[in-house]
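Written below as structure tokens is the structure these notes are about.
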Amino acid sequence: DDTVWILSLSYYDLPSHLKTCLLYLSVYPEDYEIEKDSLIWKWVAEGFIEKKTGTSLFQRGEEYFHQLINRNMIQGVESEEEGIIHCCRVHDMVLDLIRGLAGEENFITISNEDGGTSSRHKVRRIAHQNRILLDQSHPDSHRDMTQLRSLVAHGCDIRGWVLHPSFKLLRVLALERCTSHEYGRRWLEHLGKLVHLRYLGLRGTDVEELPEAIGALKLLQTLDLECIRGYGMQVQLPSSVSLLTQLVCL
């Protein structure tokens, strides 16, 4: 109890922009190694990074990242080859704290293998973790998703689940280490309707090609197709990628 109290004091001592960035880390499962660059681009897409003259949004995000490490709210992970911090982890006790806070503030809705969620309100951000995802017509999808800004799935088995046309405000779509088997081509259905999307991540998935409709995403900043190390899947890029004039990270 004393430790939780101390962690709470540390959280409430953070400036507001760092609180927001820290709460966002609750979208990741326990013991997950969070890649720094991917995380920062998600923060940028969500609008969490404050502009500063002479500094890019990504550089500013790196400052936030290292401030959270210096305050011992996250743990930096160094690469073996270069000896630089390229990832981070969140201690279980910190994760429990920020998940509770994120749920209370309706900041993030967690949907795990038990099918449980931490919010009954309008969903602004949802994180699916290590579960089976079905079609949006399934009873599990009764929540109001019209205000959804961020959809992140880790380690999920996608069985006929598709994007819904009502996700018009979505800024972040990240499907990481997910499998789909025969449903792979349906993952990105309605992708062209997500006109506010800033971040599209398909890390370690078995998606083999992107639809031509991706060219309609005029605000897309990051297209993250990195494979899991040792997993040699290649993704076919359509010619419409050349229409993504706001793209800054591929």
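None of the figures in this text is laboratory data; all of them are computed from the coordinates on show. If you're wondering where the values come from, they're calculated on a predicted model, not measured in any experiment. Glycine also receives a Cβ, built like all others from the backbone with ideal geometry; neighbour counts cover every protein chain displayed.
Mean separation of Cα pairs under 8 Å and 6+ residues apart, divided by the residue count of the range 1-135: what relative contact order is that in percent? Don't skip to the answer; put the middle values down first.
Details: 166 pairs, mean separation 33.2, N = 135.
Relative contact order here is 25 percent.
Quick one: net charge around D31, please, counting Lys, Arg +1 and Asp, Glu -1 for every other residue with C-beta under 10 Å from its C-beta.
On the way: positive: R89; negative: E30, E33, D92.
Result for the local shell: -2.
With θ set to phi - 60° and the Karplus curve 6.51 cos²θ - 1.76 cosθ + 1.60, what are the ³J(HN,Hα) couplings of the range 124-133 in order, to the nearest whole Hz, using x for Gly and Pro?
So the J values, rounded to whole Hz, are 9, 9, 10, 10, 8, 10, 6, 9, 8, 9.
For mean projected area of the Cα convex hull in nm², one of [x] 14.1; [y] 21.9; [z] 12.5 was computed from the structure I shared and the rest are decoys. Which label?
After the calculation, the listed value that fits is [x].
What is the helix-to-structure angle for 36-46, meaning the angle in degrees between its Cα long axis and the longest Cα principal axis of the chain, kept from 0 to 90 and rounded to the nearest 10?
Result, in degrees: 80.
Just to check I understand the Karplus step: with θ = phi - 60° and J = 6.51 cos²θ - 1.76 cosθ + 1.60, what whole-Hz values come out for the range 87-97, glycine and proline as x?
Couplings: 9, 8, 10, 10, 4, 4, 5, 5, 4, 4, 4 Hz.
Calculate the FRET efficiency for T245 and D144 from the Cβ-Cβ distance with a Förster distance of 35 Å, rounded to the nearest 0.05. Mind showing how you got there, number by number?
Numbers: r = 33 Å, r/R0 = 0.94.
Efficiency, from the Cβ-Cβ distance: 0.60.
Output ³J(HN,Hα) for the range 63-77: one whole-Hz value per residue in order, computed from phi by the Karplus curve 6.51 cos²θ - 1.76 cosθ + 1.60 with θ = phi - 60°, and x for Gly and Pro.
Once θ is set to phi - 60°, the couplings for the range 63-77 become 4, 4, 4, 6, 5, 5, 5, 4, 8, 6, 8, 9, 10, x, 10 Hz.
So which aspartates and glutamates can K36 reach, going by Cα to Cα under 12 Å and dropping same-chain residues fewer than 8 places off?
Once the sequence-local aspartates and glutamates are set aside, what remains near K36 is E62, E63, E78.
Given axes a ≥ b ≥ c from the Cα gyration tensor, I'd like to know whether the range 1-130 is rounded (a/c under 1.5), prolate (a/b larger than b/c) or oblate.
Values: a/c = 1.43, a/b = 1.35, b/c = 1.07.
It comes out rounded by the Cα gyration axes.
Pull up all non-local amide H partners of S166: gap of 5 or more, or a different chain, and H-to-H distance under 5 Å with H placed in the peptide plane.
Long-range HN contacts for S166: none found.
With a cut-off of 8 Å between alpha carbons and a minimum separation of six or more residues, what is the relative contact order of the chain in percent? All intermediate terms of the calculation are to be shown ahead of the outcome.
Numbers: 495 pairs, mean separation 31.6, N = 250.
Computed value for the chain: 13 percent relative contact order.
Return the calculated 222 nm mean residue ellipticity for the chain, to the nearest 500 deg cm²/dmol, obtained by summing -39500 (n - 2.57) across DSSP H runs with n ≥ 4 and dividing by the residue count.
Values: 5 runs with 58 residues, N = 250.
Taking each H run of at least 4 residues, the total per residue is -7000 deg cm²/dmol.
Starting from the amide H of A153, placed 1.01 Å from N in the peptide plane, find each other amide H under 5 Å away whose residue is 5 or more places distant or on another chain.
Amide H neighbours of A153, under 5 Å, 5+ apart: H128, A174, L175, E176.
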